[in-house]
Amino acid sequence: MKIIFTFLFSMLMISMACAQHEDQIFVDNDGIMHWSRDSSEVTGFGENYTVPFAYGFRAAKRMGIDIKAAIDQDVYQFARLGFDLFRVHVWDCEISDTLGNLLDNEHLELFDYLLWKLKEKGINAVITPIAYWGNGWPEKDEPTPGFSTKYGKGNCLTNPDAIKAQEKYLYQFVNHINRYTGIAYKNDPQILAFEICNEPHHRGAATEVTAFVRKMKDAIQSSGCTKPILYNVSHAINYAQDYFDAGIDGGTFQWYPTGLGFQKELGGNMLPNVDKYVIPFDDVLKKNHAARFVYEFDAADMATSYMYPAMARSLRAAGMQMATHFAWDPTYTAPYNTEYNTHFMNLFYAPQKALSLMICGEIFRTIPLYTDFGVYPDNTSFGPFKVSYEENLAEMVTEEKFIYTNNTTSKPPAPEKLELIAGYGNSPLVEYNGTGAYFFDKLGDGIWKLELMPDAVIVDNLFGRNSLDKTRAVVRYNRRRMKINLPEYAAGFSIESVDWRDSILYRETKDGIVNLKPGIYLLKSPKYQEDDSIVLESKKQIALDEYFAPVPGVSDSVFANHDYTGYWKKGKDHPVSITIAASQKPKEVLLQIVLPVEDLYKSFEMKEVRPFVYESAIPSKYYHPSEYIYQYYFEIQLDSSTYFYPGRSSLPPEKKKVWNWGSFLELNRVENQFHLLDSWNFNEINKQWLPSFLDEKSFNGKTSDSTPIRTSIHIKLDSLVRSDPENLLGLPTPDYTLRHYFIDRYAGLQEEFLKKKVLVLNAKTSKGKKCHVQVSLIQKDGTGFGYTFEVNDTDELYYILLDELKPVPVVLMPRPYPTFLPYYSSVKMGDTLDMLLLESVDISIGPDIPKEDWKKPVDVFIKSVWLE
């Protein structure tokens, strides 16, 4: 069958993009941005993306990447996800000299190209011309010619010569004519606004702060630029009014509700952390009719997909009209997550998270400003949107659009009216056993376009110490089963490959089941079988045959990922799983266990239970009462080679030396005590860093090779209250809290918690001291139950019956940023402790300490917490 496509789409999109933005934005007396053309509210949602600059640029050069082709690939993903906004803090150090002259070099040329390609897709921009950063992160800074390199951020805010350089640079920057569009930045309707600089961190006299901001604003406006001028007001918020005294049009904000840089994936329900985006200086914003823009946000160190729509909901409730996530991983570095290891985002490598951002865009376009949906758990459903921690699910369900990030049982109210399906996993309309995203776009009555992405597999810790020689995620090109249950295809459909990536160019099906490789397909109902020619046009931002996907990895590559297995309950088989992403499906996967005390070496076959995941179980008869740890490894057999994990060795360990072979994995057994926190969990604890954590008194033990081991967690504070330089006017919170998420160690054993009666704290103070230590059990609904012990320098064990624990306020952990955000959760305190809901344990210094003691030193050693 011959299909005729129209390919004038790109030129049409350019003309539409220019036409729709000919009128500029105005900000009304309520601080709301409107389009001048029709007074409708301005909304926008999208990404931060940095490829023309700094590490993204260097990595591409190092890897031999065609940077423009890479930009094309990533912009395609932005369009596929429906983004309509882009933001970046330009590395001024790379495109300026010390006097502030704009340097027209390769970085600027690539930035022009990026803006042009975004314009083709109808994606607008808010640009921050000054970053103040060096260009090194995550590596060392390179020598760069700019004024920021010469003066540094602090001096740039106060030094007269540095200020003059910035004035010159801003004037020249907004006057720069994009070589691809022929339009100066100041006149380009694609560029909605300018944010003067990135995270300025002001200190000093308020009049000087106002004078600085006014000079920067005037430098931009002296060019004739009439776009809104925004300024960061979420840092040093004691200057909030002073920023607006300079005449800016709005404020910019950021949100990192799960902190930054945990170095591993966070566990636990984080929805209470995003209940509200509370702005303590909201009255200043309203008084000054300030527009609001979120320049960066992320649920850092999380690979799950349920958080972003909840954040978007809370940001709209706080009056935010536009937001850009931080930050998109260029497709060429996404397998290594090297640019910002605490973040991770890419449609190919993080499909569920990317779909979650797609939903955010819909929230910004549909949820009215300042709509309050209450607090968790009442706000998990809002409008047509839903988020679920338990299901790792975010979804949008309307008559026209159906978007979901994980398996769902929700069904659109009128499937026959749908125009878009975007999903991962299974739903009532699409059943798919791959691990990539898929997109269905309706092109006409009974005609759908399907874009199918490759399988994505996480093969190592995404958020650790990353580098280009450490693969963290891979894609695989497999033929996968898909069943399509659209009502118009009840009698079957025909399907053909549009891009010829699939060897099955055309086929028909009656049962709705097809087996497909990644690529683009056209689906048509049986009524078109006699048609010889169909003229189709794309209704979306991308052309009918437009598709990019990363090149598969090395042909003989094999990666495996195994998480700690937790505790073994006597009398039960112990499950063990491993994720394997190989260039070919393994012939056999074996679990090899080692128990030298009985000279035991056993092999157990592992079965693939879902794509890439293999499981087996160690029979209960091998449980040995005298052994604290078992060791085991995995044998992965391919057609022509065999690999052993951990270590990815091609040679098996010698049985006589097995205990010295690599980093074998521990498999602990459940005893009478259920340990919730121990000193050796130190690197798994959410905490604010303290110098006392490095105190040698915490390292009293020795291993067999004389390596010091941590025997306690030393909390040493000069005072419970500390000044916050970003919020000098804020009231101090007399508290220090750390949290440990422990329930992953007890997977499948939660019912054992019902047998426990006592909470035990093992702690001690330094000589002559006493300290109130609150221990709280945190449930997955965000509530906490605790008790405050008075710890001294003589006793070590402190007991409380679980029945005597009381509801307590719960600290938001990890601590969110900006620091003006609430310290305690807004979730209503619980009524009853439910041992089946336990997730984490908090240690808090502060509760029950009288105000007159807030500034007294604290010195306490926490060894462990357990249930018995």
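The values are calculated or read from the model by the stated rules, or taken from the named source; none is laboratory data. Everything numeric in this text was worked out from a predicted model, so none of it was measured. Cβ: placed from backbone, ideal geometry, glycine included. Neighbour counts: every protein chain shown. Side chains are part of the model used for accessible areas, which takes the heavy atoms of the whole protein and leaves out ligands, DNA and RNA. Shrake-Rupley method; radii C 1.70, N 1.55, O 1.52, S 1.80 Å.
Over all other residues within a Cβ to Cβ distance under 9 Å of Lys716, the charged ones net out to -3, with Lys and Arg as +1 and Asp and Glu as -1. Would you please name the GluC sites (Glu not before Pro) within the range 18-82 that are DSSP coil residues with at most 15 other C-beta atoms within 10 Å of their C-beta? Those satisfying the criteria are Glu22. Put simply, the amide H of Thr733, placed in the peptide plane, has neighbours under 5 Å in Arg722, leaving out anything fewer than 5 places away on its chain. Computed over the chain, the per-residue total of -39500 (n - 2.57) for DSSP H runs of n ≥ 4 gives a 222 nm mean residue ellipticity of -5000 deg cm²/dmol, rounded to 500. Looking at the square roots a ≥ b ≥ c of the eigenvalues of the Cα gyration tensor of the range 360-467, which shape do they give, rounded for a/c under 1.5, prolate if a/b is larger than b/c, or oblate? Judged from the Cα gyration tensor, the range 360-467 comes out oblate (a/c at least 1.5, b/c at or above a/b).
Entry note, the chain: relative contact order of 10 percent, from Cα contacts under 8 Å with a spacing of 6+ residues.
Each Lys or Arg adds one and each Asp or Glu takes one away; over the other residues whose Cβ falls under 13 Å from the Cβ of Leu761, this sums to -4. Computed packing ranks the peptides 48-54, 509-515 as 48-54, 509-515, most packed first, by mean other Cβ atoms within 10 Å. Annotation: extensible slack from Gln688 through Ser410 equals 96.0 nm (criterion: 0.36 nm per residue apart, minus Cα-Cα distance). Is the C-alpha gyration tensor of the range 135-247 telling us rounded, prolate or oblate? Criteria: a/c under 1.5 is rounded; beyond that, a/b larger than b/c is prolate, otherwise oblate. Oblate, since a/c reaches 1.5 and b/c is not below a/b. Determine the sum of side-chain charges near Ser603: Lys and Arg each +1, Asp and Glu each -1, restricted to other residues whose C-beta is under 11 angstrom from that of Ser603. After counting each charged neighbour, the total is -2. For Lys770 and Met63, the difference between the fully extended length at 0.36 nm per residue and the C-alpha to C-alpha distance is 248.7 nm. Rounded if a/c is under 1.5, else prolate if a/b is larger than b/c, else oblate: which is the chain, with a ≥ b ≥ c the root eigenvalues of its Cα gyration tensor? Oblate is the answer for the chain, as a/c is 1.5 or above yet b/c matches or exceeds a/b. Determine which aspartates and glutamates satisfy two conditions relative to Lys570: a Cα distance under 15 Å, and not lying fewer than 8 residues away in the same chain. Within the straight-line cut-off, Lys570 pairs with Glu627, Glu671, Glu751, Glu752.
Which order do the peptides 445-454, 87-96, 717-726 come out in when sorted by mean C-beta neighbours inside 10 angstrom, highest first?
Numbers: 445-454: 20.5, 87-96: 26.3, 717-726: 14.9.
Output ranking for 445-454, 87-96, 717-726: 87-96, 445-454, 717-726.
Once the Cβ-Cβ distance of Trp35 and Tyr370 is raised to the sixth power relative to R0 = 25 Å, the FRET efficiency obtained is 0.80. The phi torsions of the range 781-789, fed into the Karplus equation with coefficients 6.51, -1.76 and 1.60 and a -60° offset, translate into couplings of 8, x, 8, x, 10, x, 8, 9, 8 Hz, rounded to whole numbers, with Gly and Pro shown as x. In terms of distances greater than 32 angstrom between alpha carbons, the cross-link table entries Lys286/Lys401; Lys621/Lys755; Lys140/Lys855; Lys755/Lys856 yield Lys286/Lys401; Lys140/Lys855; Lys755/Lys856. Near Trp255, the amide H atoms lying under 5 Å from its own belong to Glu296, Phe297, Asp298; only residues 5 or more places off or on other chains count, and H is placed 1.01 Å from N. Ligands, DNA and RNA are left out, and with a 1.4 angstrom probe the accessible area of the chain is 39 Å² per residue. Listed peptides 304-311, 145-152 appear in the order 304-311, 145-152 once ranked by packing, highest mean of other Cβ atoms within 10 Å at the front.
Spin-label pair Val758-Thr226: with each label point 7 Å from Cα along the Cα-Cβ axis, the two points sit 7.8 nm from one another. Of the accessible area of the chain, computed with a 1.4 Å probe over protein heavy atoms only, carbon and sulfur atoms account for 51 percent.
Between Tyr601 and Leu797, the modelled label-to-label distance comes to 4.2 nm, taking each label 7 Å out from Cα in the direction of the beta carbon. On full extension, the segment bounded by Ser723 and Leu103 gains 219.1 nm, given 0.36 nm per residue less the C-alpha separation. Measuring between their Cα centroids, the range 174-225 and the range 393-435 lie 42 Å from each other. The phi-based Karplus calculation (6.51 cos²θ - 1.76 cosθ + 1.60; θ = phi - 60°) puts the 3J(HN,Hα) values of the range 90-95 at 5, 6, 4, 5, 9, 10 Hz, whole numbers, x for Gly and Pro. Approximating the spin labels as points 7 Å out from Cα along Cα→Cβ, the Gln750-to-Glu399 distance works out to 3.9 nm.
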